[in-house]
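A short worksheet on the structure shown next.
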């Protein structure tokens, strides 16, 4: 992969019309971006347009470390637009060559490899490295149950392996993976590219889903903080100030930005009656969460950054403790008030 800077490569492309293989990660990192967010993609598109460049395939249609070709638009054969369908090649596992075993290998070699790597199956290849099937704990068990005495992988191999091309839509692939437990990704020449298991899919969607769940939890916690603290008419007036066209009936109708606008005013903040909470620091952190929320709303196979995930987790944990603390204060205050009234 390229060791030169992006600007150096671009200058050479302009001068020689050569093509260069890079990765989406390299492209974005060279422009100072870590992820393929909507804002960052717009900036990259502008950079490519200004320099009469394009990438094939589109940087959003493949895994972030997949190879893409950077070329001059003047020699491009057709206009490339972003694929609206999310495909297998956007997943890391689809392009990472898996560990394979040859069909004439010993069975104990396959067993050792699977146990060492905690694999449930291994692709089986022929002498010319062509895919010819797979071996798994299931196929081994079936073979032994049928009285197979051989110690060769070939005797326990199943040739009925499900293969898909890297441009297969993910939703289509998920159905196949659910049915077969795994699929093997192959190119047009049937060369092995990667293997995707139910574990890979589960991990991928957990990585994508957890930020949504954390964000939903944070929003629910903020709603709880402002619940019954403001008159509905006051909230409606505030939303008119932000030019929000929607009708407000409950707190749930407010956007994340509305929450921030509502409580960043010192007078309105005081109605929350939060003990030992600095308004400026709190609002600033909410604005950071709002920016992360904007990233989350746009699907990116690589997920959010570890730093962003940490921010979400810390904010959710903080709000949990804050609500718990204020609830205890409220109960304690009510108890004291009740004792005084009873005297």
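The values are calculated or read from the model by the stated rules, or taken from the named source; none is laboratory data. Since this is a predicted model, take the numbers as computed values, not measurements. Cβ placement follows ideal geometry from the backbone for every residue including glycine, while neighbour counts extend to all protein chains displayed.
Of everything in region 273-317, what is over 22 Å from the mean Cα position of the chain (by Cα), modelled with pLDDT under 90 and surrounded by fewer than 17 Cβ atoms within 10 Å (Cβ to Cβ)? Give them in sequence order.
Selection gives 273, 275, 276.
Would you confirm whether any residue within region 236-251 is surrounded by 13 or more Cβ atoms within 10 Å (Cβ to Cβ), assigned by TED's automatic domain parsing to the domain that holds residue 326 and either in contact (Cβ under 8 Å) with a residue 60 or more places away in the chain or under 23 Å from residue 307 (Cα atoms) (or both)?
no
Which members of region 36-56 meet the condition of being surrounded by fewer than 19 Cβ atoms within 10 Å (Cβ to Cβ) and part of a loop (DSSP other than H, G, I, E, B)?
51, 52
Return the residues of region 150-166 that are surrounded by 14 or more Cβ atoms within 10 Å (Cβ to Cβ) and either on the phi > 0 side of the Ramachandran plot or touching a strand residue (DSSP E or B) at 6+ places or on another chain (Cβ under 9 Å) (or both); say none if nothing qualifies.
Those that are surrounded by 14 or more Cβ atoms within 10 Å (Cβ to Cβ) and either on the phi > 0 side of the Ramachandran plot or touching a strand residue (DSSP E or B) at 6+ places or on another chain (Cβ under 9 Å) (or both): 152, 153, 154, 156, 157, 158, 161, 162, 163, 164, 165, 166.
Among the listed residues 217, 204, which satisfies the condition of being modelled with pLDDT under 85 and either in contact with a helix residue (DSSP H, G or I) (Cβ under 8 Å, 6 or more places away or on another chain) or surrounded by 15 or more Cβ atoms within 10 Å (Cβ to Cβ) (or both)?
On inspection, the qualifying residue turns out to be 204.
Answer yes or no: is there a residue in region 140-149 that is surrounded by 16 or more Cβ atoms within 10 Å (Cβ to Cβ) and over 30 Å from residue 326 (Cβ atoms).
Yes; the residues of region 140-149 include at least one that is surrounded by 16 or more Cβ atoms within 10 Å (Cβ to Cβ) and over 30 Å from residue 326 (Cβ atoms).
Do the conditions hold for residue 210, that is, is it out of contact with any strand residue (DSSP E or B) (no Cβ under 8 Å at 6 or more places or on another chain) and surrounded by 14 or more Cβ atoms within 10 Å (Cβ to Cβ)?
Yes, satisfied.
Given region 84-189, what helices (runs of 4 or more DSSP H) lie entirely inside it while holding 3 or more residues that are in contact (Cβ under 8 Å) with a residue 24 or more places away in the chain?
107-117, 170-180
Which residues, counting only those in region 1-13, are touching a residue at least 12 places away in the same chain (Cβ under 8 Å) and exposed (fewer than 14 other Cβ atoms within 10 Å of the Cβ)?
Correct list: 1, 5, 7.
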